[in-house]
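Read through the structure below, which is laid out as structure tokens, and then see the notes.
The values are calculated or read from the model by the stated rules, or taken from the named source; none is laboratory data. If you're wondering where the values come from, they're calculated on a predicted model, not measured in any experiment. A quick note on method: Cβ atoms are made from the backbone with ideal geometry, for glycine too, and the neighbour counts reach across all protein chains shown. Remember, those area values only see protein heavy atoms, side chains included, never the ligands or the DNA or RNA. Shrake-Rupley method; radii C 1.70, N 1.55, O 1.52, S 1.80 Å.
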Amino acid sequence: MAAAFVLFACAVGLALTIAQRSHDTAIRDASERATSSSRLFAEHVERIFTSIYWLGEAAGDAYLRNRADLPQLQHDLADINKREIFSLQLSVVDKKGLFIASDQSVGRGVDLSDREHIASLLVTNPPRIFISKPLIGRVSGKQSINIAQRFYDANDKWEGISVVSFDPSQF
């Protein structure tokens, strides 16, 4: 009987050791997968924000080339924005916070100066870039997150604000 008990205790001990090793391996594998997923997500976000910065710069350049020809500006903004699948709208706003044009429409007059992402750049010492909370776009009518930045001419004179609007589900 004692031999059976010792044999049973050994079997239980072996089963517990195997279960612990299996558990440790599962934890290690899950940790490695989480680290890998986290790294992939960070790279995805970095690619998106690099593209957004580029879109904002390109929108400012398009405005500087075509400020007197709004239909051409809209065409150029549409051409720039079609390369990015995540962007809902690419817009240009003047130094008073008034909408000038986007890749979807042209027309001065829509006052965006009360929107936080625009108002933050109308001040004397603005941030380099402002990222809005999710909101319904006044021009697009769609839920979006807006990333706004000032753009400057060749003499480093502030000329306006570019806004890249994108669908929050991209994250």
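Only one of E57, E43 is out of contact with any Phe, Trp or Tyr (no Cβ under 6 Å at 6 or more places or on another chain), assigned to a helix (DSSP H, G or I), farther than 17 Å from S102 by Cβ and not hydrophobic (A, V, I, L, M, F, W, C); which?
That would be E43, the only listed residue that is out of contact with any Phe, Trp or Tyr (no Cβ under 6 Å at 6 or more places or on another chain), assigned to a helix (DSSP H, G or I), farther than 17 Å from S102 by Cβ and not hydrophobic (A, V, I, L, M, F, W, C).
What residue, among those in the range 79-98 that are in contact with a Phe, Trp or Tyr (Cβ under 8 Å, 6 or more places away or on another chain) and open to solvent by 40 Å² or more (accessible area, probe 1.4 Å), is farthest from N146 (Cα to Cα)?
Across the range 79-98, the extreme among qualifying residues is K95.
State which residue is farthest from L135 (Cα to Cα) when the search covers only the range 155-171 and only residues that are without any contact (Cβ under 8 Å) to a residue 12 or more places away in the chain and not charged (D, E, K, R).
Per the stated criteria, the residue is N155.
Can you pull out the residues in the range 99-111 that are open to solvent by 20 Å² or more (accessible area, probe 1.4 Å) and closer than 17 Å to G60 by Cα?
Selection gives D103, Q104, S105, V106, G107, R108.
Exactly one condition in (1) within 21 Å of K82 (Cβ to Cβ); (2) open to solvent by less than 20 Å² (accessible area, probe 1.4 Å) is false for K142; which is it?
For K142, the failing item is (2).
Hey, among L77, L64, L70, L16, which residue is at pLDDT 85 or above and over 15 Å from S102 (Cβ atoms)?
L64
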